[in-house]
1. Could you work out the relative contact order of chain A, using alpha carbon pairs under 8 angstrom and six or more residues apart, expressed as a whole percent?
2. Describe numerically, in nm with one decimal, the distance between label points set 7 Å from Cα along Cα→Cβ at B:Ser88 and at A:Ala126.
3. With +1 on the Cβ of every Lys and Arg and -1 on the Cβ of every Asp and Glu, and nothing else charged, how large is the dipole of the protein assembly as shown about its Cα centre, in debye rounded to the nearest 20?
4. For region B:34-106, rounded, prolate or oblate, judged on the Cα gyration tensor with a ≥ b ≥ c (square roots of eigenvalues), a/c < 1.5 rounded, else prolate if a/b > b/c?
5. Taking a virtual spin label 7 Å from the Cα of B:Leu98 along the C-beta vector, which residues in region A:28-53 bring their backbone nitrogen under 19 Å of it?
6. Using unit Cβ charges (K, R positive; D, E negative) and no other charged atoms, how large, in debye to the nearest 20, is the dipole of region A:75-232 about its Cα centre?
7. Go through A:Lys228/B:Lys32; A:Lys203/B:Lys70; A:Lys231/B:Lys85 and tell me which ones have a Cα-Cα distance over 27 Å in this structure.
8. What list do you get for A:Ser103, A:Ser50, A:Ser39, A:Ser91 if you sort them by fewest beta carbons within 10 Å?
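Read-outs: derived from the displayed coordinates by stated rules, not from any lab. This structure is a prediction, so every number in the text was calculated from the model and none was measured. Here the Cβ positions follow ideal geometry from the backbone for every residue, glycine too, while neighbour counts run over all protein chains shown.
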Amino acid sequence: MTPHYLPSASVKTALYAAWPICLGYFPIGLALGVLAGQSDIPWWAMALMSILVFAGSAQFICVAMIAAGSSLWAIIGTTFIINLRHVLMSSALAVYLHGVRRSFLALFAYGITDESFAINMARFRAGNWTRFQALIVNHLANCVWILATVSGVLVGQFVPTGAFGIDYALIGMFICLLVFQLHNRLHVITAIIAAVVAVLWAKFVPGDSYIVGAAVCAATCGYLFQKKRDKN
Amino acid sequence: MSVNDYLFLFVGMGLVTYLPRVLPLIYLSHKKMPQGLIDWLGYIPVAVLGALLAPILFIDTANAAITFGKLEFLVAIPTLIFAVKTRSLGGTVLVGMLLYWLAGIFL
């Protein structure tokens, strides 16, 4: 049975679970804000983007594309492709939110990110985790994200380009999230295939199509290898 | 960019971000997917992250050449080891930034 109120102990557990996300989001959000500031994006636009979009990697790419003078439609299209991966996460979370009312799901879905997904799935799988605790994790992470990105724009003018390795924040996040996804040998093989295909695709095909192209190729290979393994 | 440009851009980005997050959840919380699709989707996160990361590490943006000498890649090796050992997201981000910053100064 799911409680309709939250005892303070379970709120504390949720805050404890959200802590690594917030710690990870702060430097990344700050870095995003600094880059945005250097591309002359005002703080209120950063706040608006973090509230309406809340998708780290898409926001980084958006800032880079604004700086490069891309068209608005190209940025929206790229965002769609990059965030299509959340279809999977949303689908996987549905297993643990079976029959929950739609208004709750609508509120919850807003905060599904790579990081909150990873933490909530691990907690749901371990048991003793309610959807209200999962909601706290999602929205606490969002609050920290908004705060960090806006702070980045405001202090960014005092930070020289490339200072403190901020350009590496997103790469560091990708590396660690990739490590979180390496559950078995087939996942390692899939990651290597994705990397090789993406590098070749990016070298020979202009634009950002390599992300979805390589991901679909590699996931299909991983799935076929799994079927072959299960047959033997 | 004007206020209207920003508003149009972020509402558009927000929609294409929110819909893939909300529609499967609302639809599937009352249905079942074929097992083959679930298995295939299970490889998507690792494939997307590999595809996002590798070109940043191995493609020289100046001349579009494939290289193993980029600073991003050299820093990625100790950062990856740190991530495997600690499994700490915040720690990995900070270690990667610190190493990249130091490498930029000393190399």
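1. Values: 199 pairs, mean separation 76.2, N = 232.
Taking the mean separation of contacting Cα pairs over the length of chain A, I get 33 percent.
2. About 1.7 nm, to one decimal.
3. Working: 19 positive and 10 negative charges, 282 e Å.
Dipole magnitude for the protein assembly as shown comes out near 1360 debye.
4. On the way: a/c = 3.64, a/b = 1.48, b/c = 2.46.
Cα axes put region B:34-106 in the oblate bin.
5. A:28-31
6. On the way: 12 positive and 5 negative charges, 151 e Å.
Magnitude of the dipole: close to 720 debye.
7. On the way: A:Lys228/B:Lys32 24 Å; A:Lys203/B:Lys70 15 Å; A:Lys231/B:Lys85 34 Å.
Distance filter (> 27 Å) returns A:Lys231/B:Lys85.
8. On the way: A:Ser103 8, A:Ser50 25, A:Ser39 16, A:Ser91 21.
The order, fewest Cβ neighbours first, is A:Ser103, A:Ser39, A:Ser91, A:Ser50.
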